[in-house]
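*Asks:* So that we are looking at the same thing, I have put the structure below in structure tokens.
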Amino acid sequence: MERLLPSDPSVIGGHRLAGRLGAGGMGVVYLARLPHGAWCALKVIRAEYADDPGLRARFRREAELATGLTARWTVPVVGADAEAREPWLATAYVPGPSLAEAVALHGPWPEAQLRGLGSALAEALDGVHTAGLVHRDVKPANVLLAADGPRLIDFGIARAVGATALTADGSVVGSPGYLSPEQARGRTVGPPSDVFSLGCVLAHTATGRPPFGTGGAAGVLYRTVHEEPDVDGVPEGLDRLIRRCLAKQPELRPSARELLDEFGEFGDFAADSWLPEGLPALVAVRAARVLDLPVPEPTVLSGPAPVEPAEAAEAPPSPTRRRLLVAGAALGVTAAGGLGAWWRWGPGNATANTGSARRTRHVVALLGSPDDALHQHQARGARLAVEQHNKDARRTVDLVLGTADDQGTAAGSAAAAARLAADPAVSVVIATGGNVTAPVALRPCTDAGLTVLFTRADTEDLNNVLTTTGLVLRPTQTLGPPAVLRYLNRVVKPARTVIVHDLATEKESLTVIRIATVHGKLDGETVVEDVAADADFTAAARRIAARPQDAVLFGGVRPDRAAACARALRDAGHRGARVAGEHVLGAPFLAVGEDWRIGAGYTDASADPRTKAFAAAFRARHGQAPGPWAAEAYDAVRFAAQGLASLGDDDRRALRAVLLRRPWQGITRRIAFDAVWQYFKAEEDAGAFLYRVTGGAARLVARSDDIGKET
């Protein structure tokens, strides 16, 4: 627990706050006292996020569902207000560690204690299911250990059985490693899904490791759907029961009530012996830390004294102007446009505010490496967007373009992002790097409430944006390469597609396999061809070429490996369609990948009919054709600008909520986000493009939504 900040309130809904239990990009969880003295955990959603109707509706649903639960081993709701400016939900506080922490610290549990744990959790789920609900996120972190028994918490993604899904087709809600195969496939789930998750929890507690392994979410989900669980080490007396819980088919699993009958009532276990040796002391220490806390004193909100009318003439500059002056002094930037060690103002911005003293000035910072050609393209596209914006007489805000050098490394990106986050002049960051550098900028910016827009990075590690300040402006690897999937389904229509699983880049390859097989995004039959990391593709190519008309989808990301695969298929006589994702585009692959189709997240602005005006303006400004990602960076700046115009001079923390409110149409794609989970909404595969490799270069064929019309 952490101390309250001076900016924290003293009381919320009659609950006196004592400390912070945790905080994320969207809100804070406080430890608080109810009016009658009992402790509670009070979850508060920040006002800027509560403005999102979808999020408020989800919070209201969480409160309603949790309030209706009366099962003994769930945590009761003691108060809620979904209509408050900052919605809050209070639940009874459990002063103990989570099951995840307990297993990590003290290792696997013996059979007797496992039975007690299973009994209590089965009873909790029986109550949940009897109430017509499905928890959907049963995992060790959502089980808290108290002296008198465990508690199942966090019904934030629970929903009534049979209710309409709130997620897009193919998306996964829950925690990989503990969700059911049907949940992993993005299908409708019922009570058997919770039983599967309980089986995962018990197997983990018995062995000390997740039953479907660790690593990237894609690999864990694939193993959940297709492979048997690792339950070696589960006590013999529980092995059969846990295996029944982990059956792939929901109808083969026992119900929560059947499990309770198998385990016996929790009351049959002595209260002082239900925990393994060593854990009662840990639980007691945690409880003592909280229960002995004094009644908290009120926090004090400090701020400037009000300005009297007579002093108005000497009032300090506007907050925005003051931000820029302070930041400029700290960074060694003068009015003439001086240069700091790590930050520089973009050219053409010195007169951005000319003619309108009332306009708010916002700094848009590009985070990337000047040695990266793709960053250079984006910087030119962004500069054009800023200059065009500042020439518009109708504008209500002015933009200043800055750049921060991430040195092309993850460490450099984290350090530069931390400096940007600490600079009050910066209103938004556009991360131009790839999957190694860009994602690490997220944490420092989220901690400071600074919005980060990702243009190029597509790692599935960026999918969990709900509790961050990040917004991904393109489809991620979770959707696979949408353009080539559509090309295969609408143009090629093969009877069978072979997916080459390159184990040299297993995590990325598994993402493609999951979308094509688990989620069934490819029509027709699919088979997977594994190729070891230290093997060439000769043997696999010969097997594939035995059916020369089969299509081939290369699931890896390394250009050299893709080149080896292309060469082997050519030499083996394969004649079917061959496709891959954008990461294979490099000199080795382009030299041998003739006639391959490639799905990418960027357009060729010079060849795309919908970006002709941009391409002409780019040539006039920079004296050359726009390169890859230039148009996407241009869109990112314009997307941010329309949000900043709505923001005005408000705190930058509110920008992300503003950007989430409504879709926006750019020259490259329609930018919209799911109302509940806030991931990029790829309607009609927005922002995906199909290329063909010919003559040693990749040439644009069509936007994804046009594939099948004239392709």
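The values are calculated or read from the model by the stated rules, or taken from the named source; none is laboratory data. Since we're looking at a predicted model, the values are computed, not measured. We place every Cβ from the backbone using ideal geometry, glycine too, and count neighbours over all the protein chains shown.
*Asks:* Of the residues Gly14, Gly19, which single one is assigned by TED's automatic domain parsing to the domain that holds Glu83, surrounded by fewer than 20 Cβ atoms within 10 Å (Cβ to Cβ), modelled with pLDDT of 85 or more and within 28 Å of the chain's Cα centre (by Cα)? Break it down into steps so the answer makes sense when it comes.
*Replies:* On the way: Gly14 fails: within 28 Å of the chain's Cα centre (by Cα).
Only one candidate qualifies: Gly19.
*Asks:* Among the listed residues Ile515, Ile544, identify the single one that is closer than 30 Å to Gly666 by Cβ, part of a helix (DSSP H, G or I), more than 15 Å from the chain's Cα centre (by Cα) and β-branched (Val, Ile, Thr). Before you say what the answer is, go through the steps one by one.
*Replies:* Working: Ile544 fails: closer than 30 Å to Gly666 by Cβ.
Step by step, each of Ile515, Ile544 is checked, and only Ile515 is closer than 30 Å to Gly666 by Cβ, part of a helix (DSSP H, G or I), more than 15 Å from the chain's Cα centre (by Cα) and β-branched (Val, Ile, Thr).
*Asks:* Please find, among Ala404, Ala421, the residue that is part of a strand (DSSP E or B) and in contact with a Leu (Cβ under 6 Å, 6 or more places away or on another chain).
*Replies:* Numbers: Ala421 fails: part of a strand (DSSP E or B).
Sole residue among the options that is part of a strand (DSSP E or B) and in contact with a Leu (Cβ under 6 Å, 6 or more places away or on another chain): Ala404.
*Asks:* What number of residues in region 438-491 are crowded, with 22+ Cβ neighbours inside 10 Å, within 22 Å of Val701 (Cα to Cα) and hydrophobic (A, V, I, L, M, F, W, C)?
*Replies:* Qualifying residue count for the region: 6.
*Asks:* Further question: Of all residues in region 521-536, how many are in contact with a Lys or Arg (Cβ under 8 Å, 6 or more places away or on another chain) and either surrounded by fewer than 14 Cβ atoms within 10 Å (Cβ to Cβ) or among the aromatic types (Phe, Trp, Tyr) (or both)? Write out each step before concluding.
*Replies:* As a first pass, look at region 521-536 and keep what is in contact with a Lys or Arg (Cβ under 8 Å, 6 or more places away or on another chain): 523-527, 529.
Subsequent filtering for residues that are either surrounded by fewer than 14 Cβ atoms within 10 Å (Cβ to Cβ) or among the aromatic types (Phe, Trp, Tyr) (or both) retains 525, 527.
Residues in region 521-536 being in contact with a Lys or Arg (Cβ under 8 Å, 6 or more places away or on another chain) and either surrounded by fewer than 14 Cβ atoms within 10 Å (Cβ to Cβ) or among the aromatic types (Phe, Trp, Tyr) (or both): 2 in total.
*Asks:* Any residue that is buried (at least 18 other Cβ atoms within 10 Å of the Cβ), assigned to a helix (DSSP H, G or I) and either hydrophobic (A, V, I, L, M, F, W, C) or at pLDDT 95 or above (or both) - is there at least one of those in region 572-582? Explain how you work it out, then say what you get.
*Replies:* Going residue by residue through region 572-582, those that are buried (at least 18 other Cβ atoms within 10 Å of the Cβ) are 572, 574, 576-582.
Now narrow it down to the ones that are assigned to a helix (DSSP H, G or I): 572, 582.
Keeping just the survivors that are either hydrophobic (A, V, I, L, M, F, W, C) or at pLDDT 95 or above (or both) gives 572, 582.
Checking region 572-582: at least one residue is buried (at least 18 other Cβ atoms within 10 Å of the Cβ), assigned to a helix (DSSP H, G or I) and either hydrophobic (A, V, I, L, M, F, W, C) or at pLDDT 95 or above (or both).
*Asks:* Within region 63-99, can you find the residues that are assigned to a helix (DSSP H, G or I) and either under 24 Å from Thr446 (Cα atoms) or not assigned by TED's automatic domain parsing to the domain that holds Ala32 (or both)? Walk me through it before giving the result.
*Replies:* Taking region 63-99 and keeping what is assigned to a helix (DSSP H, G or I), we get 63-67, 99.
Passing the criteria: only Leu99.
*Asks:* Residues in region 37-78 that are within 30 Å of Pro663 (Cα to Cα), of a type outside the set (Val, Ile, Thr) and in contact with a helix residue (DSSP H, G or I) (Cβ under 7 Å, 6 or more places away or on another chain): how many?
*Replies:* Qualifying residue count, region 37-78: 7.
*Asks:* Picking from Gly127, Gly170, Gly208, which residue would you name as being surrounded by fewer than 23 Cβ atoms within 10 Å (Cβ to Cβ) and at pLDDT below 85?
*Replies:* Working: Gly127 fails: at pLDDT below 85; Gly208 fails: at pLDDT below 85.
Testing whether each residue is surrounded by fewer than 23 Cβ atoms within 10 Å (Cβ to Cβ) and at pLDDT below 85 leaves just Gly170.
*Asks:* Mind checking whether some residue in region 292-305 is outside any helix (DSSP H, G or I), modelled with pLDDT under 70 and polar (S, T, N, Q)? Give the steps one after another, and end with the answer.
*Replies:* Filtering region 292-305 for residues outside any helix (DSSP H, G or I) gives 292-305.
Subsequent filtering for residues that are modelled with pLDDT under 70 retains 292-305.
Right, trim to polar (S, T, N, Q) and you get 299, 302.
Scanning region 292-305, I find at least one residue that is outside any helix (DSSP H, G or I), modelled with pLDDT under 70 and polar (S, T, N, Q), so the answer is yes.
*Asks:* Please return the ranges of helices (runs of 4 or more DSSP H) entirely within region 601-680 where 2 or more residues are without any contact (Cβ under 8 Å) to a residue 60 or more places away in the chain and under 27 Å from the mean Cα position of the chain (by Cα). Before the answer, list the steps.
*Replies:* Details: elements: 612-622, 630-647, 655-660.
Once the helices (runs of 4 or more DSSP H) in region 601-680 are filtered for at least 2 residues that are without any contact (Cβ under 8 Å) to a residue 60 or more places away in the chain and under 27 Å from the mean Cα position of the chain (by Cα), what remains is 630-647.
Each row is one residue, and each column tells you yes or no for (1) buried (at least 21 other Cβ atoms within 10 Å of the Cβ); (2) in contact (Cβ under 8 Å) with a residue 24 or more places away in the chain; (3) among the basic types (Lys, Arg).
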residue	(1), (2), (3)
Arg33	no, yes, yes
Ile45	yes, yes, no
Pro53	no, yes, no
Arg56	no, yes, yes
Phe59	yes, yes, no
Thr67	no, no, no
Pro76	no, no, no
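*Asks:* Next up: Taking Val658 as meeting all but one of (1) in contact with a Ser or Thr (Cβ under 6 Å, 6 or more places away or on another chain); (2) assigned by TED's automatic domain parsing to the domain that holds Leu399; (3) under 28 Å from Val579 (Cα atoms); (4) surrounded by 18 or more Cβ atoms within 10 Å (Cβ to Cβ), write down the number of the exception.
*Replies:* Here Val658 meets the rest and fails (3).
*Asks:* Sticking with this one: From the list Ser197, Ser180, pick out the single residue that is buried (at least 23 other Cβ atoms within 10 Å of the Cβ), at pLDDT 95 or above and closer than 28 Å to Phe680 by Cβ. Explain how you work it out, then say what you get.
*Replies:* Working: Ser180 fails: at pLDDT 95 or above.
The match here is Ser197.
*Asks:* Sticking with this one: Report the residue count in region 220-242 for those that are closer than 26 Å to Gln113 by Cβ and surrounded by fewer than 17 Cβ atoms within 10 Å (Cβ to Cβ).
*Replies:* 9
*Asks:* Restricting attention to region 122-159, and to residues there that are assigned to a helix (DSSP H, G or I) and in contact with a strand residue (DSSP E or B) (Cβ under 6 Å, 6 or more places away or on another chain), which single residue is nearest to Ser193 (Cα to Cα)? Steps first, please.
*Replies:* Restricting attention to region 122-159, the residues satisfying the condition of being assigned to a helix (DSSP H, G or I) are 122-130, 140-142.
Applying the additional criterion that residues be in contact with a strand residue (DSSP E or B) (Cβ under 6 Å, 6 or more places away or on another chain) yields 124, 141.
Working: Ala124: 14, Ala141: 17 Å.
Checking each candidate, the answer is Ala124.
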